[in-house]
Each structure stands twice: as structure tokens, then as C-alpha cells.
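Heads up, the thing below is written out as C-alpha cells.
The values are calculated or read from the model by the stated rules, or taken from the named source; none is laboratory data. It should be emphasised that the depicted structure is a prediction, and the values quoted were computed from it without experimental measurement. Here the Cβ positions follow ideal geometry from the backbone for every residue, glycine too, while neighbour counts run over all protein chains shown.
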Amino acid sequence: MIALVAVVALALAFDFINGFHDAANSIATVVSTRVLSPSVAVVWAAAFNFVAFLVFSTHVAGNIAKGVDPAVVTLGLVTAGLVGAVTWDVLTWWWGLPTSSSHALLGGLAGAAVVKAGFGALDLEFFGKTALFIVVSPLIGLVLGFAIMKLTTIAFGRCAPRRVERAFRRAQLASAALYSLGHGGNDAQKTMGIIVAALVANQALAAAPRGEAQHVPLWVVLACHAAMALGTLSGGWRIVKTMGMKITKLAPVGGFAAESAGAATIFTATALGIPVSTTHTITGAIVGVGSVRKLSAVRWGVARRIVWAWVFTVPGAAALGALALLLLRALGITV
């Protein structure tokens, strides 16, 4: 029981780090357009991160819990996977790179599971679908961001610039709220899935029959949303600077378009139970918005650096998860 409590605490620590690491996704655009001050923006985002449990079901959490064969999931394996994900998140936060906490978590678990039981321990179809959305989610965000920005430009192109800016400063409050709601609804569920896997491994929760959705206790839902909201409140300014200021210059209308595109993508994925990266989605949307003006408005060198970080996230976190499992074994801890 002590080991289980420690693993749950580590999972909630990951969720807290996810909050400040991925807080940039929720607030970078609204801060960079100066619609909200940084301190007000994090409170705004944290509030909608938390209330997401009232809006979304726990489909994503159930799917994450099924990513690794339940027969090989132990508290030691979950611990190793979380250590790999947390280490990767801290490193990329320090480097100011907006990588995916979700994919770091999947990579950490996969690396630990492969070391323990080989590739047969993984649900390859599930991981394949997730890998596909590493490509698909930023592309959807890009296309929607471009389309919303283009349509908005056509619709309001003849209006006085000052009047347009005033209107979209208000509209961006709504789009930022929707994006934060989607972020909380999709990302917090990944930690729920890990805690559920630990509870099942310790026989503190009954595993769902094959083909049925895994039950997620209410206390797990509330704890994960609270941890993410607290993490968001702590900021994450290194990544905010990259997301909101280095990729392209944003005005309130562009921030509205990017957040609306990102929110639409995440809401759809969450409804389908697909654990997409909120980071990938909003980055693609920001690039799409910047491309409406001209391609040179996007700093492609920064975008390229971010994409490379995405590519290395799963294998990097997997390597760290594998190393963590080997270290636990070396210390004589049963995994």
C-alpha cells in the first residue's frame, strides 16, 4: 500500500509538471497578444483545466490504461515509466521546447515495458494510432488555423483595425477558455489512466473485461484535474516565450483563430478517446495562422527545432523509462 501511494503521488507530480510544461499551450497566445497579463492568464487557464471533468468522459484515460498488457504492469513498471516521462519533461522545459507530455508518458511506459517483457507487452495498434496522430494533429491544427484566420480576414477585412482588435480581444477570452478546457479534458486523463493501471496492478481496482471501458474512480478524476490546474498556475514561461513570440507574431485575431482551431481538434479527439498532443495541435494552428499573411511570417527555423523535439520525444522518454527500470532492478526493487 505504501508503494501504491508513492506511485500515485509520482503520477500526480507528473500531472503537475504537465500543467506547467503545457501551460504554454493554454496561455501563450493570450499572453503574447496582451489580452491578459501572465498572472491573470494562468488563473484563467487553470480554472478551465479543472472544470473539464464536468464536460468530458474518461475515454482517453481508459485507453491509456490499455496501452500496455495488464499482465506485465506492476508498480515498478509504472514508476519507471513515470520517471522517464518526468525527466524528459523537465529537460525539454529547461530547453524551452514545447514537446508533448502525453507522448513522453507513453514513451516512458513503452520503454519500461519493452525492457521487462519485450515488444509483445505493448498494444501496437494503440501505439500506432497515437503515432499517426503525432503527424495528423498538427496538420489538422494547421489547416483549421489557416482556414479560420483566412475566413476571419475576409469577413472583417474592411472594418476599422482598432474596432476589429477590440472585438477579438473579447473573443480571445472565450477561445482561450475553450482551449484550456480541451487541454484539461485530454491531458489530465492520461495521468488518470496511469493511476488506474497502478490500482489494477495492485488489485485495488478491478480490471475491466476485454472490450469494455475501464472504470475510473471519481477521486482519481478530481485529483488529476486539481494537480494539472495547480501546475498551470505555476506558469511555464520558458515555453510561453517560444510558443507565443518566437514562431510568429500574433495579434488578437490570430490568437483567436489559433486557439479556436486547437480547441476544435482537441474536443474531437477527446470525444473519440484519442490521446492527442495539445502541444502539437496548437503549434500547428499557430503556424497555419502565421502562414495566412505570408510564409516568411513564420520563423521556420524555430518550427523545425520544435518538430525535431517532437520526433525524439517518444524514443527519448522510452530510453529514460528503460534506464529507470534497469536502475530499479539494480537497486534490488521488484519490477
Report yes if some residue within the stretch 147-160 is at pLDDT below 90, over 30 Å from L323 (Cβ atoms) and of a type in the set (S, T, N, Q); otherwise report no.
-> yes
Taking first residues from the stretch 159-177 that are in contact (Cβ under 8 Å) with a residue 12 or more places away in the chain and surrounded by 12 or more Cβ atoms within 10 Å (Cβ to Cβ) and second residues anywhere that are assigned to a loop (DSSP other than H, G, I, E, B) and not aromatic (F, W, Y), the pairs with Cβ under 7 Å that are 6 or more apart or on different chains are E165/A251; R169/V35; Q172/T33; Q172/V35; L173/V35
Kindly establish whether A297 is over 21 Å from G193 (Cα atoms), over 13 Å from the mean Cα position of the chain (by Cα) and at pLDDT 75 or above.
-> no
Looking at (1) loosely packed, with under 15 Cβ neighbours inside 10 Å; (2) in a helix (DSSP H, G or I), which is the only condition I148 fails?
-> (1)
Could you pull out the residue among A85, A147 that is more than 16 Å from W310 (Cα to Cα) and not β-branched (V, I, T)?
-> A147
Is there a residue being among the hydrophobic types (A, V, I, L, M, F, W, C) and in contact with a Ser or Thr (Cβ under 6 Å, 6 or more places away or on another chain) anywhere in the stretch 49-56?
-> yes
Is it the case that the stretch 86-101 has a residue that's among the polar types (S, T, N, Q), surrounded by fewer than 24 Cβ atoms within 10 Å (Cβ to Cβ) and modelled with pLDDT of 90 or more?
-> yes
Please find, among A80, A24, A104, the residue that is at pLDDT 90 or above, of a type in the set (A, V, I, L, M, F, W, C) and either within 19 Å of I282 (Cα to Cα) or part of a helix (DSSP H, G or I) (or both).
-> A80
Examine the stretch 260-274 for a residue that is farther than 29 Å from N49 by Cα, in a helix (DSSP H, G or I) and at pLDDT 90 or above, and state whether such a residue exists.
-> no
